[in-house]
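Below is one structure, written out as structure tokens, with a few remarks after it.
Since every read-out is calculated from the coordinates, none of them should be taken as a lab result. Values in this document were obtained by computation on a predicted structure and should not be read as measured data. Here the Cβ is made from the backbone with ideal geometry for all residues, glycine too, and neighbour counts use every protein chain on show.
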Amino acid sequence: MGIKSFIGRRAKPIKKVSSEKVKVSDYMTRNLVTFKPEQSILEVMEVLLKKRISGGPVVNDKNELVGIISEGDCLKELSDARYHNHPMEDVKVEHHMIKNVDTIDGEMNVLDAANKFLESKHRRFPILENGKLAGQISQSDVLRAAMELKGQTW
């Protein structure tokens, strides 16, 4: 009768992902709600409420980023329309969107992106690939990445 070993089969060591190799593109949202410059502010407000989002990128017909529209932009227009007693039906996104948009490189380390959020006070950054809108990273995406990497060297 031979000696039985009570040591089970050894599993292969789990490969830890280095936080240095985790890119923004690994955590960005690719399926985005986007808006068109010619859309009405009322349509944007309806979508923001329905989708429970605080804003989104504005793209042209070639999917090129031309701006960002947010709840704040809609609130400003709402306030101005009320103050000046103007109807909002004909107010277009292109007149109220932010046109000078900061973007983040999809190759950037996702934890370095946290610093960009702190420096800019933005809630979201679009990511472009070959001049086209490829995705967006939000503060909550960075927090999700940090939680998945917890316990590793920052």
Legend entry - For PHE35, distant residues with modelled amide H under 5 Å away: VAL58, VAL59
Inset, instruction - Tell me the label-point distance for the pair SER40, ILE53, using the 7 Å Cα-to-Cβ offset, in nm and rounded to one decimal. - result: 2.1
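What's the FRET efficiency of ASN63 with GLU119 using the Cβ-Cβ distance as r and R₀ = 41 Å, to the nearest 0.05? Mind showing how you got there, number by number?
Working: r = 28 Å, r/R0 = 0.67.
The calculated FRET efficiency here is 0.90.
Which net charge results for the neighbourhood of GLU38, defined as the other residues with beta-carbon distances under 13 angstrom from its beta-carbon, given Lys and Arg at +1 and Asp and Glu at -1?
Numbers: positive: LYS36, LYS92; negative: GLU43, ASP61, ASP90, GLU94.
Charge balance near GLU38 sits at -2.
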Inset, instruction - Can you tell me how much longer the chain between ASN130 and LYS99 gets when fully stretched, taken as 0.36 nm per residue apart minus their C-alpha distance, in nm with one decimal? - result: 9.3 nm
